[in-house]
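The values are calculated or read from the model by the stated rules, or taken from the named source; none is laboratory data. The structure displayed is predicted, hence computed values, not measured ones. Glycine gets a Cβ as well: all are built from the backbone with ideal geometry, and neighbour counts include every protein chain shown. What goes into the accessible areas is simple: the full protein's heavy atoms, side chains included, and nothing from ligands, DNA or RNA. Shrake-Rupley method; radii C 1.70, N 1.55, O 1.52, S 1.80 Å.
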Amino acid sequence: LGAAGAMMAYLIRHFFQAASVFRHFPTEFRQPVVLTAQTLRYARNAWFASMLSTLVRTRVEFLFIGAYFGLSAVGFFAVGISLASLVIQLSVFMGIGLTPIFGKLRDQGDLRSLAISYERFLTGLSFILFPICFGGAALMPDLIPLIFGKTFEPAVVAAIILLIFTPAQSLVIVPHSAMLAYEKDNVILNVNVIAAGALLMLNFLLMPHFGIEGAAW
């Protein structure tokens, strides 16, 4: 089914996950939960920051590329960003439990253990990410034509740029988790707003002159 089949597979992938949400709705047998103003603020800021990151910081380049260079260029950039996203997802999955761990240590006042955990996870994640990204970047000239065909060779340079800088983007999961544990949700939201604005401005400045490589930078 081509592109339509890819979209259908993506939707089916998340269907069962979405359907399971109903299991988490409160029932008459459960104790009522009182949400404080602090909890609501924390959830709201985290949600808005996540939406900004998802909709602007990781997708806005497609709009600019499509407007300036057409759908073929969008496809070339999508190849590079999809490969880089696999590495980012790896770091997100590995660090999924960091916030509750950091939060527990902070509540216990054990800041030494928190600092040790922070440093060890950051170091361990670095040892995993840098070889994957730098090695992957070196393999891109051969890997992209092998996976997608020679038609996608224009995507190689952008994919190399994206993979080289992916470790920095992936390692953010560690300080981000620590900031959530310290309830710095306002700071996270402000940082995402500034980053989204800066990204829009950089796309305006770089995209018309440098194409998908400009989008990658």
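Details
- Tallying residues that are open to solvent by less than 50 Å² (accessible area, probe 1.4 Å) and β-branched (V, I, T) within region 113-128 yields 0.
- Put simply, of A115, A159, A196 the only residue that is small (G, A, S), at pLDDT below 90 and either in a helix (DSSP H, G or I) or more than 30 Å from G66 (Cα to Cα) (or both) is A196.
So that you can scan it fast, the table gives a plain yes or no per residue for (1) in contact with a strand residue (DSSP E or B) (Cβ under 8 Å, 6 or more places away or on another chain); (2) open to solvent by less than 40 Å² (accessible area, probe 1.4 Å); (3) of a type in the set (F, W, Y):
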| position | (1), (2), (3) |
| --- | --- |
| L111 | no, no, no |
| F130 | no, no, yes |
| P141 | no, no, no |
| P154 | no, no, no |
| L162 | no, yes, no |
| I173 | no, yes, no |
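- Subset of region 43-84 [over 14 Å from the mean Cα position of the chain (by Cα) and not in a helix (DSSP H, G or I)]: G70
- Residue within region 95-103 that is open to solvent by 80 Å² or more (accessible area, probe 1.4 Å) and within 26 Å of R59 (Cβ to Cβ) present: yes
- Within region 52-64, considering residues that are surrounded by 12 or more Cβ atoms within 10 Å (Cβ to Cβ) and closer than 14 Å to V193 by Cα, the one modelled with the highest pLDDT: L52
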